[in-house]
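Derivation of every value follows stated rules applied to the coordinates shown; laboratory data play no part. A quick note: this is a predicted structure, and the numbers were derived from the prediction, not measured.
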Amino acid sequence: MFSAFGEDRLECVDNTTSPAKLAEWKTSERTKKAYKDLFANHDLLSRIGHNVFKSYKEKELPTMHCAYILAICDIVLNPRSSGIKCNDRSVVRRINAFLVNIRNFPKLNYFLITEIFIILINRE
């Protein structure tokens, strides 16, 4: 994920980052912008997805794969969550939420769905 954004757009953190530094990182303007860009930039999501799922390098990612990438990135980048640890329960809950939105609105394309998420994000 960090390589897709680039160091100039998103500082790299990991599980060894101190809680104080992580709290600062989560609320930084760069992290907030990266979080919004994730939903606004289909190419960025594709780059992250193709880095994770290398067998799809020249193919479109399946919906489930995109939901998985969004779930992980949401946990890590979402300024409303305090940590970056991804456990099965939190990942599955987010995947289901993304898939429900996609299934409930099958005529909406990716860009319209992401616009809805951007509106929801900006309500904070």
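Which shape class, rounded, prolate or oblate, goes with segment 11-54 when its Cα gyration tensor gives a ≥ b ≥ c as root eigenvalues, a/c under 1.5 marks rounded, and past that a/b bigger than b/c marks prolate?
Working: a/c = 4.52, a/b = 1.59, b/c = 2.85.
Because a/c hits 1.5 or more and a/b fails to exceed b/c, segment 11-54 counts as oblate.
Multiplying the residue separation of residue 81 and residue 7 by 0.36 nm and subtracting their alpha-carbon distance yields 24.5 nm. Pairs of alpha carbons in segment 1-98 separated by more than 16 Å make up 56% of all such pairs.
Straight Cα distances below 17 angstrom link residue 21 to the aspartates and glutamates 7, 11, 29, with same-chain residues fewer than 8 positions distant left out.
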